[in-house]
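For reference, the structure is listed below as structure tokens.
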Amino acid sequence: SGFGSVHAVPENFPTIQSALDICVEGDTVLVAQGTYNELLTIPPVGLSLVSNYIFSNDTLDINNTVLDGLFAGTVITIDQNRPFFILKGLTIKGGIGYWDSGATGGGLNIHGCDSLVLDHLIFEGMRSSTVGAVGFIRMEDGNSQNLTMRNILIRDLNMEEPVSYASNVLKIRLSGNLYLENIEINGSGQSWPGLKILGDGKGFVKNFRAHNSYNAVGKPVSIQVYDSLYVEDFVVENNHFHFSEYSQMSFGGIG
């Protein structure tokens, strides 16, 4: 059926959400450099949300194309299943998750997606008192949902101690396969809880580093898959985790 349409922001659409709202299957929303103070809801079609980095390969397009939620809520929400979603070449900041009718992530709150690709992204300045400051990703609606995360930097979270043992910097539940490559979680000497991934399929983890956190609770990193797990260059170092009423164990692991 060919490629979808490209919707340029702000050249053709004043906001990212207005471009997303007219997308049909296979479309791309292309965002120029700038700061966009929006809380986005992704429509239930397969689409891509990208910066000019896909053409330039210039990291300035990542650093200077910013989605800033201004701590008003979740920056990007997917609440219905769709074939795929690709997010590439952006900085996401100022997201905050809440516990209302259910837990929500700060940067990403994703419930349902057959194929999710997060590539060349920076997450910074996130908050959440519940499940995941950077994100809460639930891909459990099908038998073979796949998650790919490549070239991800998480930094400057500046989180207070979470209110629950269930809190994580990023929490993922996946009915399918996991692919992680070139992932860095830099605690920046600040507080952040651990990362937790629970999957039903195969896992591939390469060049993963979680470091420099302070006064955190829970497990630094917990990655569990049901089928098989390949790990290469996996480093968890210089993290200062402590015991508290929320945490009975202060170790992390892969398995």
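The values are calculated or read from the model by the stated rules, or taken from the named source; none is laboratory data. Note that this is a predicted model, so its numbers are computed, not measured. Note: ideal-geometry Cβ built from the backbone for every residue, glycine included; neighbour counts use all protein chains shown. Please note that ligands, DNA and RNA were not included when accessible areas were found on the heavy atoms of the full protein model with its side chains. Shrake-Rupley method; radii C 1.70, N 1.55, O 1.52, S 1.80 Å.
Could I have the simple spin-label model distance between T41 and Y179, label points 7 Å from Cα toward Cβ, reported in nm to one decimal? So the label points at T41 and Y179 sit 3.1 nm apart.
Of all DSSP-defined beta bridges confined to the stretch 40-137, some 5% are antiparallel rather than parallel. Estimated at the nearest 10 Å², the accessible area of Y98 is 100 Å² with a 1.4 Å probe. Computed over neighbours whose Cβ is under 10 Å from that of D119, the net charge equals +1, Lys and Arg +1, Asp and Glu -1. Accessible surface ranking for T35, T41, T77, T91, 1.4 angstrom probe, highest first: T35, T41, T77, T91.
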